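Just below is one structure, and these are the notes that go with it.
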Amino acid sequence: MYHHLLLKPDRAASTTRAAILDHGRTVLEVESQALALLRDVLDEEFADAVELILATRGRVVVSGMGKSGHIARKMAATFASTGTPAIFVHPGEAAHGDLGMLLAGDLLVLLSNSGATPELRPIMDYAQSLACPIVAISSQRHSPMAQAARAAIILPAVREACPANISPTASTTLMLALGDALAVATMSVRGITRQQLERLHPGGAIGLRLLPINEIMHSGDQLPLVTAGAPMRDVLVTMTEKSLGIAGVMDEEGRLIGTITDGDLRRNIDRLLLSNAADVMTRHPKTIPDGTYAEDALAMMSANKITALFVMDHATPERPVGLVHIHDFSRMGVG
């Protein structure tokens with residue numbers, strides 16, 4: 001009897017956890033199906049919207065109310081971070097003086113699932129008075145917002161992931177993805193380069209990933225370099241002093257011809273102290289040119305399962321100018 005009672009809470013907990021997982025998977029399934037539907041119905045209005053953005057002399061001003069407003073704020077941030085000047089204007093604040101943030105030459109992007117959100121009316125009317133083009137994102141083709149727009153992207157009719165079909169969930173997911181699609185399509189047509197993105201993301205993890213490897217590599221006297229004829233006793237001293245777990249082997253002309261790692265030491269332990277660097281080294285090591293982005297260097301190291309890379313002079317690829325170790329990425333917060 002007591003054994004049976006002790007098992008009941010665990011069974012109840014197990015059932016509850018299974019139900020929780022089912023709820024989560026159901027929401028994700030509903031929203032993924034909605035995204036697939038949006039992809040399939042995307043039409044020329046999307047291209048029209050991108051062309052309007054590209055033609056805008058001023059900024060993209062994005063506005064929405066409630067949950068759509070949260071998406072609008074993120075959309076403006078994504079535009080700005082991908083090379084399209086953009087700001088978010090809260091429609092409630094707009095009606096109390098912030099309409100002045102919208103200028104002639106700007107483009108107004110409005111988000112509203114119904115297309116008839118009353119709080120959007122003042123900013124929509126003001127945009128029309130300034131001859132600012134409007135892009136509408138709505139699920140209602142014949143809504144006032146869509147009718148006033150130069151480009152109206154109509155979201156497919158989808159059921160919200162909310163069981164009561166009330167709380168904006170699937171519909172706002174569509175808006176979020178559509179904002180990303182607009183920003184990235186615009187960025188691609190503009191030809192925004194990786195160097196330009198680096199200038200826009202100097203901080204945080206993105207900025208660290210886009211650092212040139214030159215800014216974190218070891219160089220000069222820090223490099224563990226030995227000659228091909230160096231006795232392994234001297235190689236071990238160099239590796240110990242530099243503490244990077246690797247030594248680069250150079251020929252008489254200053255070219256990198258191989259590397260010696262801890263793995264090479266273990267593989268040659270029986271003859272180690274009777275050998276020179278050329279006997280033990282691994283030829284044709286993986287290297288990267290200087291100027292390589294940190295994230296690309298890290299990707300190469302991960303793909304090849306190595307912990308260090310020599311960085312080679314861009315002008316003379318046989319000559320090492322630096323070395324980057326896996327610990328350097330951890331120290332910088334990359335990866």
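A few points about this structure:
- Residues satisfying the stated conditions in region 301-326, i.e. touching a residue at least 40 places away in the same chain (Cβ under 8 Å) and basic (Lys, Arg): 319
- Residue among 321, 311 that is buried (at least 20 other Cβ atoms within 10 Å of the Cβ) and closer than 30 Å to residue 193 by Cα: 311
- Test: residue in region 307-324 that is part of a loop (DSSP other than H, G, I, E, B), among the β-branched types (Val, Ile, Thr) and out of contact with any helix residue (DSSP H, G or I) (no Cβ under 8 Å at 6 or more places or on another chain): yes
- Residue match in region 7-25 (condition: buried (at least 16 other Cβ atoms within 10 Å of the Cβ), assigned to a helix (DSSP H, G or I) and of a type in the set (A, V, I, L, M)): no
- Positions within region 43-64 being more than 24 Å from the chain's Cα centre (by Cα), outside any helix (DSSP H, G or I) and hydrophobic (A, V, I, L, M, F, W, C), in sequence order: none
- Checking each residue in region 290-308 for being touching a Pro at 6+ places or on another chain (Cβ under 8 Å), at pLDDT below 90 and surrounded by 14 or more Cβ atoms within 10 Å (Cβ to Cβ) picks out 292, 293, 294.
- In a residue-by-residue description of region 272-285, the property of being hydroxyl-bearing (Ser, Thr, Tyr), without any contact (Cβ under 8 Å) to a residue 40 or more places away in the chain, in a loop (DSSP other than H, G, I, E, B) and under 21 Å from residue 225 (Cα atoms) applies to no position.
- Search result, residues across region 276-289 that are over 19 Å from residue 304 (Cβ atoms), buried (at least 18 other Cβ atoms within 10 Å of the Cβ) and not polar (S, T, N, Q): 277, 280
- Filtering region 278-302 to residues that are at positive phi and of a type in the set (Gly, Ala, Ser) leaves only 291.
- When residue 273 is tested against (1) modelled with pLDDT of 90 or more; (2) over 35 Å from the mean Cα position of the chain (by Cα); (3) at negative phi, exactly one condition is not met: (1).
The values are calculated or read from the model by the stated rules, or taken from the named source; none is laboratory data. Keep in mind that what you see is a predicted model, and the values were worked out from it rather than measured. Cβ sites come from the backbone with ideal geometry, for glycine too, and all protein chains shown count toward neighbours.
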